[in-house]
Structures are given as structure tokens and as C-alpha cells.
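Trainee: Sending over a structure as C-alpha cells; questions will come in a sec.
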Amino acid sequence: MYDVIALGELLIDFTPSGKSEQGNNLFEANPGGAPCNVLSMLKKCKKSTAFIGKVGNDIFGHLLKNTLGEVGIDDKGLKMTDDVRTTLAFVQIDEMGDRNFAFYRNPGADMKLTEDEIDETLIKNARLFHFGTLSMTHEGSRKATKRAISYAKQNHLLISFDPNLRPPLWDSLDTAIEQMKYGCSVCDILKIEDKELEIMTGQKGIDAGIKYLQQNYSISLILVTSGANGSRAYCNNKMVEKMAFLTNKTIDTTGAGDTFFGYCLSYILDNSIETITEEKLSKMLTFANAAASLVTTRKGAIKSMPDIEEVENWIHSCNQ
């Protein structure tokens, strides 16, 4: 029995790591990919996890497979292919720690996951299924994703969704919005950035965007993240807002949203959505915001997730 199974991209984030003696840019190969970032945080919360996806049978694919083992994510659903290379992403980080991505994915192995590679037995032995949109940018992996979602529905799993919009990876923004809306139509828990909310709904401002979601979808818990401006939770006719934990130690915001969501999913698995109180939502957001803040002081994501004691100490230090 798994607490959470996630499907999607597993890749290498090449993050800036200074200059060589010749003045050339150096990059560090950090294991990443939003779904596994989420699973890594869940492992820090003592949850059992498994991953479904595909990497190349190459040096980076084996590095990623080994990384899953190191952090304790079950790799039974991970496929390796000789036909396509592992997806790579080069990350440019500005002085505020914000990122731009250059993806090497034309195609990448994560795009080549097929319907017949989805194991229903793996999914039905879980409590929650998690996915994003990067596995839906192309037809083959889109069908695989929707097959997995159908298995999750049939077996009565909770379903969580993070759009994680990356416009350069789509043939058009309209297609991306269509798949984002599909995700909203099947999920119980949604985590979405404020800018993504505006793009998907066509509404200005968080309040208008949330109203659109509530009128068009039946999502039990909606989480809206706004970077340095904190986060909101909408659940059971309640809205809770918490400010971010700001720090001057930020060096890389990669995985901050995934850290936030990973903790929230862990909390929801321990506290039923149907009966969750405003007080508990407040506690959840405070801790998730702190975890996200802490991970920005480290490079990379999968190997950088904080454990619970580290987050508690971070909250204490920030409140002094």
C-alpha cells in the first residue's frame, strides 16, 4: 500500500554553479521533475510513495533511477528506453532566485510513456494519485496520463493536480489551457500559482479566478501560491491566507512550490478534507510556506527537501 503515487516527468535540472578557471559557466546536474519533487517531500513527511514515468537508458536516466532509490521513492513504475534520451532542463537563475528554463526535450524520454505501460495494480494500491500537465504536452503520454487517472478514479483514490505550466513545451497556449481545465475537472485537490490561475480562467485577480473554478468544477481543496506574497487555501466554504517566510538566503526557487504541495498532501492524508477546520488549514499553510522558504536556500529539489524538524527550526528562527 502506498500513500501517494505520482506520474510525470523525471529529469535533470542543470543549475548554475559558478565559473570555471577559464571563466566559463558551470552547471550542477540536479535530479528533478515536479512530480518526484512532491514525492521527495512526502517521504520527508514519512509517507510511502511510488513514481510512474520514463527516462532514457543513459547516464542521466541511471542517475535518476539511483536517486529515487536514495530518497526512498519506489521505482516499480519507472520505465527506461533505448530509443530516446533523458529529458534535460538548463536553469537560469536571476538575482532574486527566480528561474527561466531551456528544455532539451525534442523528444525527451518522459514524453514517450505509453498507455500499456501503466500498471493498474500499482495505482489501486495507493491512497492518492498526483499528476501535472507536462505529461500531457504530447498525445502518447497524454493518453498514458489519462489512463492512469481513469484507474485512480475506478479505485477511488484522491487525485491531486498541479498545472505547472511551462508554455515553451506546448504547441499552443490554447492546448495547454485545455489540458489544465481537464486536470481541474478530475482532481480533488488543486495547487495552482496565481499567474497560472489568471491564464487558465481568463480572470483578473485571485478572487475572480477562484470564483470561476468554484462555479465550473467540484474541487474539494484549492491551494493558490503567490511566491513572496504567500498562499491561500479554499476548502469547505472557508478561505485561509498565510504570508510567506521571506529570507535573504534564497539561492534557487526550484522546487519551492513542490515542497509546499508535498507537505500539504501529507497533511491532507492525515486530516480528512471533509472535516478539516480553518485552524488546521492555517497550520497547514504556515508549515508548507516555511518548508518552501527553506528549500529556496538550497540548490536543486529532490535531494534538497527539508525534514520536519528542519522546518520547525526554520519557523522558530524566522519568528525570533
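The values are calculated or read from the model by the stated rules, or taken from the named source; none is laboratory data. Values in this document were obtained by computation on a predicted structure and should not be read as measured data. Please note: Cβ atoms are built from the backbone with ideal geometry, for glycine as well, and neighbour counts cover all protein chains shown.
Trainee: If you scan the stretch 189-245, which residues turn out to be β-branched (Val, Ile, Thr) and in contact with a strand residue (DSSP E or B) (Cβ under 8 Å, 6 or more places away or on another chain)?
Mentor: Within the stretch 189-245, Ile189, Ile192, Ile206, Ile210, Ile219, Ile222, Val224, Thr225, Val240 qualify.
Trainee: If you scan the stretch 46-102, which residues turn out to be over 16 Å from Glu9 (Cα atoms) and of a type in the set (Ser, Thr, Tyr)?
Mentor: Matches in the stretch 46-102: Ser48 only.
Trainee: I would also like to ask the following. For the stretch 248-288, which residues satisfy the criterion of being among the hydrophobic types (A, V, I, L, M, F, W, C), under 17 Å from Leu190 (Cβ atoms) and in a helix (DSSP H, G or I)?
Mentor: Result: Phe260, Phe261, Cys264, Leu265, Ile268, Leu269, Ile273, Leu281, Met284, Leu285, Ala288.
Trainee: Consider Lys54 carefully, then state whether it is under 29 Å from His156 (Cα atoms), crowded, with 20+ Cβ neighbours inside 10 Å and out of contact with any Pro (no Cβ under 8 Å at 6 or more places or on another chain). Walk me through how you get there before you give the answer.
Mentor: Working: under 29 Å from His156 (Cα atoms): yes; crowded, with 20+ Cβ neighbours inside 10 Å: yes; out of contact with any Pro (no Cβ under 8 Å at 6 or more places or on another chain): yes.
Here the answer is yes, as Lys54 does meet what is asked.
Trainee: Considering only the stretch 42-76, how many residues are among the small types (Gly, Ala, Ser), touching a helix residue (DSSP H, G or I) at 6+ places or on another chain (Cβ under 7 Å) and assigned to a loop (DSSP other than H, G, I, E, B)?
Mentor: 1
Trainee: Looking at (1) in a helix (DSSP H, G or I); (2) over 23 Å from Leu190 (Cα atoms); (3) out of contact with any helix residue (DSSP H, G or I) (no Cβ under 8 Å at 6 or more places or on another chain), find the lone condition where Lys299 falls short.
Mentor: Looking at each condition in turn, Lys299 falls short on (1).
Trainee: Give me the pairs: first residue in the stretch 277-290 and among the polar types (S, T, N, Q) and surrounded by 15 or more Cβ atoms within 10 Å (Cβ to Cβ), second residue at pLDDT 95 or above and in a helix (DSSP H, G or I), beta-carbon distance under 8 Å, and six or more apart or on different chains, which are they?
Mentor: Partner pairs satisfying both residue conditions: Asn289/Phe260.
Trainee: Which residue out of Ser317, Ser231, Ser293 is closer than 26 Å to Phe27 by Cβ and of a type in the set (Gly, Ala, Ser)?
Mentor: Result: Ser293 is the single residue among Ser317, Ser231, Ser293 that is closer than 26 Å to Phe27 by Cβ and of a type in the set (Gly, Ala, Ser).
Trainee: Can you tell me how many residues in the stretch 198-218 are in contact (Cβ under 8 Å) with a residue 24 or more places away in the chain, surrounded by 15 or more Cβ atoms within 10 Å (Cβ to Cβ) and touching a Ser or Thr at 6+ places or on another chain (Cβ under 9 Å)?
Mentor: Total meeting the criteria: 4.
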